[in-house]
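What follows is calculated from the coordinates using simple rules that are stated; it is not laboratory data. From a predicted model like this one, the values you see are computed outputs, not experimental measurements. Virtual Cβ from ideal backbone geometry, glycine too; neighbours counted across all protein chains shown.
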Amino acid sequence: MIQIALPKGRLGEKAYERMAQAGYECPAILEKNRKLTFENPEKGVRYFWVKPSDVSIYVERGAADIGIVGKDVLLEYRPDVYELLDLKMGKCRMCVAGPEDFYDDHSRLLRVATKFPHIATEYYKSRSRDIDIIRLNGSIELAPILGLSDVIVDIVETGKTLQENHLVVLEEIVPISARLICNRVSYQFRQKEVFNLQAQLAAVLEE
Ligand code: PRP
């Protein structure tokens, strides 16, 4: 069976719908319970739900052959996996955001709060701006409001969270969307199954 790691939550559910349309359905997954793995031997698939930021760990280490993960996670953790397909869902932007009247005073370090320290560091390195990273795990928007940071580097989807907290996008770093990833060994040794899955899914996405 092909092992597929899905990110828990809305994106994962949407991604599963596409997998089902592509012929990899597993009706047990829709049952409301706390099980974490679901399989459909007829279709040769076993799915499991994992924390979105853990999907690439399962795939990189071969516990999953295939995974669905946001480009943000790939950019942040840079796992050694193949990126097979842009699923064109879960679209959002990685941005620098801050107060409307933000002014970057270059005479001191810029304090940047984020869940994505690697992405933020690389971005500011490319701009030769020295920063002080403040690593947070959620509610990032609070940081500039409370004076913990000057700006944030975070995901912006609808822009609502920023708007309701009187913050604005200052710079766009990179567009983000969900990607189909594959373990490197599985890609070689389960070539046929992986190619089929990739092709079927690509066809569904084009409909
Ligand atoms: C994400 C992100 C923003 C928000 C953006 O947070 O960190 O806070 O969504 O979405 P919007 O532009 O549509 O308002 P998430 O819901 O993952 O929560 P957390 O980061 O606070 O844990």
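Tabulated data for the structure shown
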quantity	calculated
Added length on full extension, which subtracts the Cα-Cα distance from 0.36 nm per residue, Lys14 to His106	28.8 nm
Listed peptides 25-34, 77-86, 62-71 by packing density, highest first (mean Cβ within 10 Å)	62-71, 77-86, 25-34
Relative packing of 115-122, 97-104, which averages over residues the other C-beta atoms within 10 Å, highest first	115-122, 97-104
J(HN,Hα) series, the stretch 51-61, from Karplus relation 6.51 cos²θ - 1.76 cosθ + 1.60, nearest Hz, glycine and proline x	4, x, 6, 9, 3, 5, 5, 4, 6, 4, 8
Under-5 Å amide H pairs with Arg179, H placed in peptide plane, nonlocal only	Val69, Gly70, Lys71, Leu87
Euclidean distance between Cα centres, the stretch 173-197 to the stretch 2-60, Å	15
Principal axis box of the stretch 113-160, alpha-carbon based, largest edge first, Å	29, 23, 16
log₁₀ of I(q)/I(0) at q = 0.14, 0.24 Å⁻¹ - the stretch 79-186, Debye sum with one point per alpha carbon	-0.60, -1.34
Reachable aspartates and glutamates, given that their alpha-carbon falls under 13 Å from the alpha-carbon of Lys32 and they are not under 8 places away in the same chain	Glu13
Extension reserve of the Lys88-Ala28 stretch, reckoned as 0.36 nm per residue once the Cα distance is removed	19.0 nm
log10 of Debye I(q)/I(0), alpha-carbon scatterers only, for the chain at 0.13 Å⁻¹	-0.76
Residues of type lysines that Lys160 reaches as a straight line, Cα spacing below 17 Å, ignoring anything fewer than 8 places off in the same chain	Lys91
Computed P(r) (all Cα pairs; the stretch 16-130; 10 Å bins; percent)	10, 32, 28, 16, 10, 3, 0
CD proxy at 222 nm, helix term only [per DSSP H run n ≥ 4: -39500 (n - 2.57); per residue of the chain; nearest 500]	-8500 deg cm²/dmol
Distance in nm between pseudo-label sites at Ala63 and Glu42 (7 Å out along the Cβ direction from Cα)	3.0
GluC sites (Glu not before Pro) lying in DSSP loop within the stretch 149-206, provided at most 15 other Cβ fall within 10 Å	Glu157
